[in-house]
Amino acid sequence: MTPQDYVQQKAAASGSSFYYAFLFLPPQRRAAITAFYAFCREVDDVVDEVHDPAVASQKLAWWHGEVANAYAGHPTHPVMQALMPHAQPFNIQAKQLQAVIQGCQMDLEQTRYLDYAGLQRYCHLVAGVVGEVSASIFGQTDPATTAYAHTLGQAFQLTNIIRDVGEDALRGRIYLPVNELQQFDVKAHEILKRTHSDRFVALMRFQAARAHALYDQALALLPAADRRAQKPGLMMASIYRTLLREIETDQFPVLDHRVSLTPLRKLWLAWKVQALGRL
């Protein structure tokens with residue numbers, strides 16, 4: 001299996017909304033974003049699939065070293081072998097990849113966030129930086145597009161947090177800020193035991209409103225000159241925001257099961273943005 005085959009398989013297997021947006025890109029940009037997305041999946045899987053925190057931490061340390069070696073001209077992992085030819089053309093920097101790894105390291109060291117400011121730091125590393133790299137690969141020409149991409153990445157991450165509350169609880173993690181749980185009188189043990197209540201719904205409506213505000217802010221920040229090039233990000237925004245609205249309509253059943261859109265619906269939403277420019 002070639003490095004390119006490896007990253008393609010990694011991206012496709014995830015079933016992620018991101019994959020559907022990649023389909024409409026020209027070949028070189030599609031190859032670059034597929035390799036970068038596969039890198040993000042690899043380091044994220046370390047946290048989700050390795051149950052011993054010490055072993056997971058060692059694996060992330062290995063990835064730190066692999067990134068450094070790759071940028072020194074010696075990649076050994078197929079993901080880095082697939083990604084490195086695109087690093088210079090699309091200005092993918094080692095410090096950006098290291099930031100993503102650092103964000104995954106936070107998952108090993110922290111299972112609670114006291115306030116939104118603390119959660120934002122985490123979102124910056126695991127999603128904001130990812131947005132910035134993606135925008136560059138998609139064809140960013142205006143420096144102002146970076147703020148759009150960073151804000152949109154954070155909106156995606158907040159949507160993920162809302163969708164995954166139940167799954168994260170099974171791993172002993174609660175990303176919802178502690179002071180906001182207190183504000184809505186939702187106890188941590190209720191989330192860990194996956195106890196649904198009107199108080200929980202009120203808390204989640206507050207979280208969803210924040211995510212929607214970030215989507216609106218991001219779209220307002222996108223310069224007109226880059227709107228066409230950034231269509232893949234807009235496709236993902238359409239898919240993610242549709243998912244968020246479904247979760248809201250269903251009264252946030254996220255403690256019991258993972259809400260998702262069908263592959264066909266994701267493809268339809270992506271196509272509408274590509275062909276009609278409609279979110």
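Just so it is clear, none of the values below were taken in a lab; they were calculated from the coordinates. Keep in mind the model is a prediction, meaning the values are calculated, not measured. No Cβ is skipped: glycine too gets one built from the backbone with ideal geometry, and neighbour counts run over all protein chains shown.
Quick look at the numbers
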read-out: Positive-end residue of CYS104, ALA229, HIS74, charge dipole of the chain with Cβ unit charges; value: ALA229
read-out: Cβ charges +1 (Lys, Arg) and -1 (Asp, Glu), total dipole of region 110-279, debye; value: 360
read-out: Exposure proxy order (Cβ contacts within 10 Å, fewest to most) of LEU114, LEU267; value: LEU114, LEU267
read-out: Zero-based 10 Å bins, Cα pair distances in region 176-229, whole percents; value: 22, 37, 19, 14, 8
read-out: Karplus-derived HN-Hα couplings along region 156-164 (A = 6.51, B = -1.76, C = 1.60, θ = phi - 60°), whole Hz, x at Gly and Pro; value: 4, 5, 5, 5, 4, 4, 5, 4, 9
read-out: Lys, Arg +1 and Asp, Glu -1 on Cβ, resulting dipole of region 1-109 about Cα centre, debye, nearest 20; value: 520
read-out: Alpha-carbon radius of gyration plus Dmax, which is the widest Cα pair, for region 1-109 in Å; value: 13.6, 41
read-out: Rg to Rh, two decimals, where region 138-178 supplies the alpha carbon set and Rh follows Kirkwood; value: 1.20
read-out: Principal axis box of region 189-264, alpha-carbon based, largest edge first, Å; value: 48, 28, 19
read-out: Listed residues ALA32, ALA229, ALA127, most fluctuating in the chain (Gaussian network, C-alpha, under 10 Å); value: ALA229
read-out: Size of the chain as Cα extents on the principal axes (Å, biggest first); value: 52, 48, 32
read-out: Size of charge dipole - region 8-52 - debye, nearest 20, with Cβ of Lys, Arg +1 and Asp, Glu -1, no other charges; value: 460
read-out: Cα gyration tensor of region 1-53 - equivalent ellipsoid semi-axes, whole Å, descending; value: 22, 12, 9
read-out: In order through region 51-64: 3J(HN,Hα) via Karplus (6.51 cos²θ - 1.76 cosθ + 1.60), integer Hz, x for Gly, Pro; value: 7, 8, x, 5, 5, 4, 5, 5, 5, 5, 4, 4, 5, 4
read-out: Cut-off 19 Å (backbone N to label point 7 Å along Cα→Cβ of GLN28), residues of region 136-151; value: 136-142
read-out: Cross-link table LYS59/LYS193; LYS10/LYS95; LYS59/LYS231; LYS59/LYS266; LYS10/LYS231; LYS10/LYS272, entries beyond 28 Å C-alpha to C-alpha; value: LYS59/LYS193; LYS59/LYS231; LYS59/LYS266
